[in-house]
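Note sheet for the following structure.
Just so it is clear, none of the values below were taken in a lab; they were calculated from the coordinates. Here the structure is a predicted model, which means the values were calculated and not measured. When we count neighbours, we look across all protein chains shown, and the Cβ atoms used for this are built from the backbone with ideal geometry, even at glycine.
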Amino acid sequence: MSRTESTMLEIGTIAPNFELIDVVSGNRVKLDHADDYSGTVLMFICNHCPYVKHVNVELTRLSTDYLPKKIRFLAISSNDVKSHPDDSPENMRLTAQAESFPFPYLYDETQEVAKAYKAACTPDFFVFNKAMSLVYRGQLDDSRPGNNIPTSGSSIRQALDCLLQNKPLDFIQKPSLGCNIKWK
């Protein structure tokens, strides 16, 4: 495990399109400019990382709170499964079911999506507005394994609340911190 910060993609970046398989449903999920949503939260996560395991319950709680507010959530695992078999699609499906993820958990086998977003770590978070322009990137909250700060999703919640109220995000966006993505 290599402790890695997110790269902090430039605000205003338009979300690169992709189409990936949801390991739970088996359906292909396409990122598009869906009119049904006010925003999109894109999360690069995996199964084995202690930083992700630390926040899984909050990811479910956060998405359950904001899905009714027309915020879409998509999780992606881009890790090399040859070096990290815990992150295989089969194990992703088991994790999604055990954690009751209410969002698609997508497998980025080629790692092209992670590269397009300059994702660096798990977890790594990106929030896009309705026009798919990046408004937030960075951490879920200040909680990390072992720092005794409870998970709350406060950073993403603040970003989503501003987005939904059409207010500028006028707070410091801190990088996420976690395990590096396991590149092929």
Between segment 154-177 and segment 1-71, what is the C-alpha centre distance in whole Å?
-> 15 Å
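Work out how much length Asn17 to Lys82 would gain on full extension: take 0.36 nm times their residue separation and subtract the Cα-Cα distance, in nm to one decimal.
Result: 20.8 nm gained on full extension.
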Rg/Rh for segment 52-131: what does it come to with C-alpha atoms and Rh from Kirkwood?
-> 0.96
Selected from Val29, Val135, Val113 as most flexible by GNM, with the chain as the system and alpha-carbon contacts under 10 Å | Val29
Antiparallel DSSP beta bridges within segment 38-184, as percent of all bridges there, nearest 5 | 55 percent
Return, in residue-number order, each cysteine of the chain whose C-beta is not under 4.7 Å from any other cysteine's C-beta.
-> Cys46, Cys121, Cys162
Charge dipole (debye, nearest 20) of segment 1-107; +1 at Cβ of Lys and Arg, -1 at Cβ of Asp and Glu | 140 debye
Expected 222 nm ellipticity per residue - DSSP helices of 4 or more, -39500 (n - 2.57), all of the chain, to 500 = -7000 deg cm²/dmol
Of the listed peptides 80-88, 102-110, what is their order by residue-averaged count of other C-beta atoms within 10 Å, with the highest listed first?
-> 102-110, 80-88
Where the only charges are on Cβ atoms (+1 Lys, Arg; -1 Asp, Glu), what is the dipole of segment 3-180 about its Cα centre, to the nearest 20 debye?
-> 300 debye
For segment 3-180, state what percent of all Cα-Cα pairs lands in each successive 10 Å bin, counting from 0 Å until the bin that includes the largest distance.
-> 10, 42, 39, 8, 0
Let me have the relative contact order for the chain, percent, based on Cα pairs under 8 Å that are six or more residues apart.
-> 34 percent
Sticking with the crude label model, points 7 Å out along Cα→Cβ, report the distance from Ala131 to Phe171 in nm, one decimal please.
-> 2.4 nm
Any idea how far apart Asp35 and Leu94 come out in nm if each label point goes 7 Å out from Cα toward Cβ?
-> 4.3 nm
